[in-house]
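Undergrad: My questions will all concern the structure given below.
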Amino acid sequence: MPNVAQVGIHSSQFPDQVRDDLLNSLRNRSVNHKFHYDSVKQTQKWLALHQLYSPTRNDADCISIYEQSFEAAAAAMTLPQVHILGLGCGGGQKDTRLLKILARAGKQTSYTPCDVAAAMTLVARQAALEVVRADQCFPFACDLASAGDLPESLTVPPPTLLTFFGMIPNFEPEQILPKLAALVRSEDRLLFSANLAPGNDYAAGVNQILPQYDNPPTREWLLTFLLDLGVERGDGELRFSIEKVPANGLLRVVADFCFVQPRMICVEKNTFAFAAGDKIRLFFSYRHTPPRLRMLLEEHGLNVVEQWLAQSGEEGVFFCRRSG
């Protein structure tokens, strides 16, 4: 195994841009989610809580729907070479399982693990090297939310099978879906998964899944951002709640740190004052339903060809192509 790995870094993750994004997060009192994956420490905490709470790691039926979607996607990719573009690759476990199924089907594979954290792309690369040669694996770090030139920056060969697993909850749909649609060419396909609200009552379903967020490992992961900036645990408390977003009618879980005493946060020469009673939003996660999600995708030129839903109703995988 080679001792050197090359990681492409998009300008959205250049130091000056990251600094500006951090200052804007503190100024607007709403944290860009990428700062929860900014360090190796945060990456490791996220991987640990994902192992504990993600249905894709603990629910056999949920694991099964991904396997079914991987088999269907492999069968649909008829050319002998397939490139996987893993958008928000995380630890790369799902992408690696997909790569193995493609390899068993006789496909020649290559892989671009793409995530906001370079550390995460390297974790995904390490997993994928079970299947893909090192010279066919191209880690790429970028901020999907702010990168405006992804089709030009991600020069991937056709046909490409894009994966976007578990990412849609942490983006404003109207912000990320146009970017995603711009990456899917006519010959490409998209495997897209989403966390869902179970049952027929949307609000009750979102309430049901709240413990997946309001738990000690998630609290520790989210608080790391503030603690690393000098906030003390006794400065406030992390509160989880559910809110409706008027702009899109969707419900989401939110996590706000509410200050109970004054605190100054200093970043270089910039000072941000928080008084008792102030709060900063650390996190949000939308919950969708299959009909709402299909409608959102269709509005952006993506048609769902096939879908697989977990029996729990908490997870769904959608196989998509460009409309027309």
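The values are calculated or read from the model by the stated rules, or taken from the named source; none is laboratory data. Not measured: the values here are computed from a predicted model. Counting neighbours? That spans all protein chains shown, and the Cβs are built from the backbone with ideal geometry, glycine included.
Undergrad: Checking residue 112 against (1) farther than 25 Å from residue 154 by Cβ; (2) modelled with pLDDT of 95 or more; (3) in contact with a His (Cβ under 9 Å, 6 or more places away or on another chain), only one condition comes out false. Which one?
TA: (1)
Undergrad: Output the number of the condition that residue 273 fails; it satisfies all remaining conditions of (1) closer than 28 Å to residue 15 by Cβ; (2) surrounded by fewer than 17 Cβ atoms within 10 Å (Cβ to Cβ); (3) over 29 Å from the mean Cα position of the chain (by Cα); (4) in contact (Cβ under 8 Å) with a residue 24 or more places away in the chain.
TA: If we test residue 273 against (1) closer than 28 Å to residue 15 by Cβ; (2) surrounded by fewer than 17 Cβ atoms within 10 Å (Cβ to Cβ); (3) over 29 Å from the mean Cα position of the chain (by Cα); (4) in contact (Cβ under 8 Å) with a residue 24 or more places away in the chain, just (4) comes out false.
Undergrad: Moving to a separate point now. If you scan the stretch 107-163, which residues turn out to be farther than 24 Å from residue 173 by Cα and of a type in the set (Phe, Trp, Tyr)?
TA: 111, 138
Undergrad: Another question, if that's okay. Taking residue 217 as the residue in question, decide whether it is in a loop (DSSP other than H, G, I, E, B), touching a helix residue (DSSP H, G or I) at 6+ places or on another chain (Cβ under 7 Å) and surrounded by 14 or more Cβ atoms within 10 Å (Cβ to Cβ).
TA: For residue 217, the condition - in a loop (DSSP other than H, G, I, E, B), touching a helix residue (DSSP H, G or I) at 6+ places or on another chain (Cβ under 7 Å) and surrounded by 14 or more Cβ atoms within 10 Å (Cβ to Cβ) - is not met.
Undergrad: Any idea which residue in the stretch 220-231 is farthest from residue 23 (Cα to Cα), counting only those that are in contact with a Leu (Cβ under 9 Å, 6 or more places away or on another chain) and surrounded by fewer than 17 Cβ atoms within 10 Å (Cβ to Cβ)?
TA: Within the stretch 220-231, the match that is farthest from residue 23 (Cα to Cα) is 220.
This table checks each residue for (1) modelled with pLDDT of 95 or more; (2) closer than 20 Å to residue 166 by Cβ; (3) out of contact with any Leu (no Cβ under 7 Å at 6 or more places or on another chain); (4) of a type in the set (Phe, Trp, Tyr).
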{"site": "39", "(1), (2), (3), (4)": "no, no, yes, no"}
{"site": "50", "(1), (2), (3), (4)": "no, yes, yes, no"}
{"site": "53", "(1), (2), (3), (4)": "no, yes, yes, yes"}
{"site": "69", "(1), (2), (3), (4)": "yes, yes, no, no"}
{"site": "78", "(1), (2), (3), (4)": "no, no, yes, no"}
{"site": "84", "(1), (2), (3), (4)": "yes, yes, no, no"}
{"site": "107", "(1), (2), (3), (4)": "yes, no, yes, no"}
{"site": "121", "(1), (2), (3), (4)": "yes, yes, yes, no"}
{"site": "129", "(1), (2), (3), (4)": "yes, no, yes, no"}
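Undergrad: Any residue at all in the stretch 50-65 that's within 29 Å of residue 320 (Cβ to Cβ), out of contact with any helix residue (DSSP H, G or I) (no Cβ under 6 Å at 6 or more places or on another chain) and surrounded by 21 or more Cβ atoms within 10 Å (Cβ to Cβ)?
TA: Within the stretch 50-65 (the criterion being within 29 Å of residue 320 (Cβ to Cβ), out of contact with any helix residue (DSSP H, G or I) (no Cβ under 6 Å at 6 or more places or on another chain) and surrounded by 21 or more Cβ atoms within 10 Å (Cβ to Cβ)), the answer is yes, since at least one residue qualifies.
Undergrad: Hey, another quick one. Any idea which residue in the stretch 92-117 is farthest from residue 15 (Cα to Cα), counting only those that are surrounded by 20 or more Cβ atoms within 10 Å (Cβ to Cβ) and of a type in the set (Gly, Ala, Ser)?
TA: Only one residue fits best here, namely 110.
Undergrad: Any idea which of (1) modelled with pLDDT under 95; (2) farther than 14 Å from residue 181 by Cα; (3) not in a helix (DSSP H, G or I) is the one residue 145 doesn't satisfy?
TA: Condition not satisfied by residue 145: (2).
Undergrad: Right, here's the next one. Does residue 160 satisfy the criteria of being closer than 24 Å to residue 302 by Cα, of a type in the set (Val, Ile, Thr) and surrounded by fewer than 17 Cβ atoms within 10 Å (Cβ to Cβ)?
TA: So residue 160 does not fit the description; no.
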